[in-house]
Structure formats: structure tokens, C-alpha cells
Amino acid sequence: MICDKTCCGMVVELTFLARNAWKDNLISSLPKTLFTSTLTCLLLAHNLLTDLPDGLFTLANLQTLDVSFCSIAIIPSSISQLTSLVKVNFGFNKIKEVPNELFRIPTLTHLIPSHNKMTSLPTGRF
């Protein structure tokens with residue numbers, strides 16, 4: 001079973017979803033129903049997001065996060081709660097700095113912060 005409920009033809013609760021790709025849309029906010037415990041891949045590139053919602057940081061199994069080509073300005077320090085994260089793409093946003101907490105994620109092997117507003121790199125992290 002993929003969905004538990006539907007409302008007006010829209011899925012409102014997904015329980016076994018592992019990969020969610022909402023790329024190339026006009027999304028500016030994310031519903032809480034998107035954040036399921038089974039989610040391992042979340043692709044939100046090319047949307048109108050300006051921040052990362054708190055619900056995102058509850059995804060203990062999330063391995064891949066792509067929020068490139070949005071309008072995100074801040075990566076919150078709570079990013080460190082994504083302890084299974086392997087790949088993250090923050091490219092082409094408005095980010096001025098990468099929090100040190102990001103580098104505390106032991107599984108992180110791929111980081112793409114290119115084309116942002118950063119003027120310096122975190123020291124002693126590479």
C-alpha cells in the first residue's frame with residue numbers, strides 16, 4: 001500500500017514512500033505529509049523554496065537531499081539531525097555560509113554548495 005488517504009484526488013498521507021521527486025515546479029512550501037519515516041531521497045530542485053522546513057530534520061533515513069536552484073538563504077544547524085545523509089546539493093541558491101554542523105554528519109560523502117553567495121570556506125573541515 002502506497003497511500004492511506006486521498007482527498008479530492010490528492011494524496012495526503014504516504015506511509016511507505018522512499019523516493020520523492022518534486023523537481024521543476026513552483027513549490028514554495030512543503031506539507032507535513034511529505035515527511036515520512038521511510039523517505040530516503042528527496043529531490044526538490046528548481047522550486048521556489050526559501051528555507052528548509054523543520055519537518056525535514058525529522059527524516060532519520062534521508063540519504064539524498066537536492067534543493068538546488070531554489071532561493072534558500074540559510075542552512076540551519078539542525079541539518080546535523082539528518083544522520084543518514086550521504087549526498088546533499090545546495091547549489092544555485094543564496095547561501096552565505098555552510099554551518100559546521102553539516103560536517104558532523106558521519107555518512108556525508110557528497111556536498112555540492114556551488115553557485116551561492118559564500119565568501120569563505122569553513123576552516124579545518126576538508
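The values are calculated or read from the model by the stated rules, or taken from the named source; none is laboratory data. Because the structure is predicted, anything quoted here is derived from the model rather than measured. Every residue, glycine as well, gets a Cβ built from its backbone with ideal geometry; the counts of neighbours run over all protein chains shown.
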Out of the residues in the range 85-116 meeting the condition of being out of contact with any Phe, Trp or Tyr (no Cβ under 8 Å at 6 or more places or on another chain) and touching a residue at least 40 places away in the same chain (Cβ under 8 Å), tell me which one is farthest from THR38 (Cα to Cα).
ASN89
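Being crowded, with 16+ Cβ neighbours inside 10 Å and more than 14 Å from ASN93 (Cα to Cα) narrows it down to one of LEU44, LEU52, LEU34, so name that one.
So the residue among LEU44, LEU52, LEU34 that is crowded, with 16+ Cβ neighbours inside 10 Å and more than 14 Å from ASN93 (Cα to Cα) is LEU34.
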Spot the failing condition for ALA60; the list is (1) crowded, with 20+ Cβ neighbours inside 10 Å; (2) out of contact with any helix residue (DSSP H, G or I) (no Cβ under 7 Å at 6 or more places or on another chain); (3) farther than 18 Å from LYS117 by Cα, and only one is missed.
(1)
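The rows are residues; the columns are (1) in contact (Cβ under 8 Å) with a residue 24 or more places away in the chain; (2) not aliphatic (A, V, I, L, M).
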| position | (1), (2) |
| --- | --- |
| THR38 | no, yes |
| THR50 | no, yes |
| LEU56 | yes, no |
| SER68 | yes, yes |
| THR83 | yes, yes |
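Could you pull out every one of the strands (runs of 3 or more DSSP E) wholly within the range 1-118 that has 2 or more residues that are modelled with pLDDT of 90 or more?
Values: elements: 3-7, 10-14, 19-21, 41-43, 64-66, 87-89, 110-112.
Of the strands (runs of 3 or more DSSP E) lying wholly inside the range 1-118, those with at least 2 residues that are modelled with pLDDT of 90 or more span 41-43, 64-66, 87-89, 110-112.
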Which members of the range 66-84 meet the condition of being touching a helix residue (DSSP H, G or I) at 6+ places or on another chain (Cβ under 8 Å) and either crowded, with 19+ Cβ neighbours inside 10 Å or more than 22 Å from ALA18 (Cα to Cα) (or both)?
ILE75, PRO76, SER77, ILE79, LEU82
